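A.B. asks: Below: one structure in structure tokens.
Derivation of every value follows stated rules applied to the coordinates shown; laboratory data play no part. Fair warning: this is a prediction, and the values are worked out from it, not measured in the lab. Heads up, the Cβs are rebuilt from the backbone with ideal geometry, glycines too, and the neighbour counts pull from every protein chain shown.
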Amino acid sequence: MHELSHYLFCLLARVRVYKVKLFQFGQLAGYVEHDEPENFNQAFLISFGPLIINTAAAMILFSQLRPPYHYLQLLYLWLGIVIGLHAIPSSGDARALFDTANNKIKKNPFVIFGYPFVLILYILNIFKRLHIDIVYVGVLFYLARFYL
């Protein structure tokens, strides 16, 4: 779902995609090879795509949990947890956004306002080592169950 989100936002931002690997066994579970975005907005959308799509998908799945519970509800719960755990963009996503910001700042000085978002991605990745992604999924579960 994480890589599919990147791919969908590449299509949305009209950035040419060369290769997509949604899942594989090994160190790198998946990837999307694409052109360098022409502007920072495209890079922002591509980098933050998993946060947007995975969060929405997890919340939709969590909102479907209603008694009486049965096997399909367990599937919704499991999928919501798994998808939510991969919502936080990777450090590679942060690095790509940082590189694009550095390359585009000469053409558009307003790109400087994008650096805090890059910092947020790096901080989230540091917190992932402390399992903040589990807390994030818990918050999504709570919000979806009580507000959707």
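A.B. asks: Quick one: putting +1 on the C-beta of Lys and Arg, -1 on the C-beta of Asp and Glu, what dipole do you get for the chain around its Cα centre, in Debye to the nearest 20? Write out the running numbers ahead of the final one.
C.D. replies: On the way: 12 positive and 8 negative charges, 23 e Å.
So the magnitude is around 100 debye.
A.B. asks: Something else: Take the Cα atoms of the chain, find their three principal axes, and give me the spread along each one in whole Å, biggest first.
C.D. replies: 58, 29, 27
A.B. asks: If you stretched the chain out fully between ASN41 and PHE117, how much longer would it get, using 0.36 nm times the residue separation minus the C-alpha to C-alpha distance?
C.D. replies: Working: separation 76, 0.36 × 76 = 27.36 nm, distance 1.17 nm.
Gain on extension, ASN41 to PHE117, equals 26.2 nm.
A.B. asks: May I pose another question? Starting from the 7 Å offset along Cα-to-Cβ, what nm value, one decimal, do you get for the label separation of LEU130 and ARG95?
C.D. replies: For the pair LEU130/ARG95, the computed spacing is 2.3 nm.
A.B. asks: Which chymotrypsin sites (Phe, Trp or Tyr not before Pro) from segment 22-114 combine a DSSP loop assignment with at most 16 other Cβ atoms within 10 Å?
C.D. replies: Values: sites: PHE23, PHE25, TYR31, PHE40, PHE44, PHE48, PHE62, TYR69, TYR71, TYR76, TRP78, PHE98, PHE110, PHE113; in loops: PHE23, PHE25, TYR69.
Taking segment 22-114 and a limit of 16 other Cβ atoms within 10 Å, the loop chymotrypsin sites (Phe, Trp or Tyr not before Pro) found are PHE23, PHE25, TYR69.
A.B. asks: Label points 7 Å out from Cα along the Cβ direction at PHE23 and LYS107: separation in nm?
C.D. replies: Modelled inter-label distance: 3.7 nm.
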